[in-house]
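**Student:** Can you read through this structure? Questions will come right after.
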Amino acid sequence: MTETIKIKYFTDKVDKLAYIDGKSDWIDLRAAEEVELKKGEFCLIRLGVAMQLPKGYEAHVVPRSSTYKNFGVIQANHMGVIDCSYCGDHDEWRFPALAVRDTVIHVNDRICQFRIMKNQPALIFEEKEHLEGRDRGGFGSTGIQ
């Protein structure tokens, strides 16, 4: 099933969003401003887009695999979640970048990616004294290889 997403661009200096069929279902986002950061500095980097997601959906925003290597930044919240209520005319998406080295990010650099996901269904938690599953050995118990 194909969904239609209403999108507003805040600049014509970034490439339009494009789904690369057959490679991944993640879509790259680009810096909409020139950013110079010194090691330890933080910045909410403008991504140049706002979207009106369908009701019941959210966007998950994460760094590209090359973002740390190429730009020396990490995403401060590790994964951004943009829900369908963040859909106004001024709700521009941003990337919370924390610099681990001095760096410059240029307009139109691909710095993160997103995908649209259905919201989690309503859950009921049933308290139990014992669980029936087999123990795996605790946190971090599967080893390093």
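The values are calculated or read from the model by the stated rules, or taken from the named source; none is laboratory data. Just so it is clear, the model here is predicted, and its values are computed rather than measured. Note that each Cβ is placed from the backbone with ideal geometry, even for glycine, and that neighbours are counted across all protein chains shown. When the accessible area is computed, the model is the full protein with side chains, heavy atoms only, and any ligands, DNA or RNA have been set aside. Shrake-Rupley method; radii C 1.70, N 1.55, O 1.52, S 1.80 Å.
**Student:** Is it the case, given these coordinates, that Ala32 is at pLDDT 95 or above, part of a strand (DSSP E or B) and either more than 14 Å from the chain's Cα centre (by Cα) or not charged (D, E, K, R) (or both)?
**Tutor:** No, not satisfied.
**Student:** Which is charged (D, E, K, R) and over 22 Å from Ser65 (Cβ atoms), of Lys39, Lys13?
**Tutor:** Lys13
**Student:** Being touching a residue at least 60 places away in the same chain (Cβ under 8 Å), among the charged types (D, E, K, R) and under 28 Å from Ala50 (Cβ atoms) is the filter here, so list the residues in segment 93-134 that pass it.
**Tutor:** Asp109, Arg110, Arg115, Lys118
**Student:** Among the candidates Arg101, Arg94, which residue alone is open to solvent by 60 Å² or more (accessible area, probe 1.4 Å) and farther than 26 Å from Lys118 by Cβ?
**Tutor:** None of the other options fit; the residue is Arg101.
**Student:** From the residues in segment 15-74 that are among the aromatic types (Phe, Trp, Tyr) and free of Cβ contacts under 8 Å to residues at least 40 places away in the same chain, which one is surrounded by the most Cβ atoms within 10 Å (Cβ to Cβ)?
**Tutor:** Only one residue tops the list, namely Tyr68.
**Student:** If a residue has to be closer than 15 Å to Tyr9 by Cβ and in a strand (DSSP E or B) to count, how many in segment 79-113 make the cut?
**Tutor:** Of the residues in segment 79-113, 1 are closer than 15 Å to Tyr9 by Cβ and in a strand (DSSP E or B).
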